[in-house]
Amino acid sequence: MKANLEYNLPEDQQEFNVAIKGMDWALLAWDIDQSIRSLLKHNPEKYYTGADALEHIRDEIHDMMEAKGLQFPA
């Protein structure tokens, strides 16, 4: 089975970028899950709570995105 996707560039550039970076986003989600798992397993005394936890996770996501060359759609 084959599938062909067509985009009208530059009008559909954002949609095109999403399509070609799909695996990178999936791997980012996996990395985030593993990072949280590691924090909970190996650093139980360093639990973040409330806004601190959310800020820490958000910072981690942004760092991982930067390392993989990903960015949120505009």
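The values are calculated or read from the model by the stated rules, or taken from the named source; none is laboratory data. Values in this document were obtained by computation on a predicted structure and should not be read as measured data. Cβ sites come from the backbone with ideal geometry, for glycine too, and all protein chains shown count toward neighbours. Just the protein is used for accessible areas: all its heavy atoms, side chains included, with ligands, DNA and RNA removed. Shrake-Rupley method; radii C 1.70, N 1.55, O 1.52, S 1.80 Å.
A few comments on the model shown:
- Accessible surface area normalised per residue over the chain is 86 Å², counting heavy atoms of protein chains with a 1.4 Å rolling probe.
- Computing Cα extents along the principal axes in Å directly from the structure and comparing it against (i) 51, 30, 19; (ii) 35, 30, 15; (iii) 47, 29, 20 singles out (i).
- Along the axis of the charge dipole computed for the chain (Cβ charges of +1 for Lys and Arg, -1 for Asp and Glu, origin at the Cα centre), the listed residues Ala51, Phe16, Leu27 are led at the positive end by Leu27.
- Between Glu60 and Asp12, the C-beta separation translates, for a Förster distance of 25 Å, into a calculated FRET efficiency of about 0.20.
- With the highest mean first, a sort of the peptides 4-12, 65-73 on other beta-carbon atoms found within 10 angstrom per residue produces 65-73, 4-12.
- Assuming charge only on the beta carbon of Lys and Arg (+1) and of Asp and Glu (-1), the dipole of the chain about its Cα centre is about 320 debye to the nearest 20.
- With Cα atoms, 0 to 90° folded angle of helix 22-42 axis to the chain main axis: 0
- Taking only protein heavy atoms and a 1.4 Å probe, the accessible area of segment 6-64 is 55% carbon and sulfur.
- Cross-link reach is defined here as a Cα-Cα straight distance under 19 Å, omitting same-chain residues fewer than 8 places apart; for Lys68 the aspartates and glutamates meeting it are Glu15, Asp24, Asp31, Asp33, Asp59, Glu60.
- Rounded to the nearest 0.05, the FRET efficiency derived from the C-beta distance between Lys21 and Thr49 at R0 = 35 Å is 0.60.
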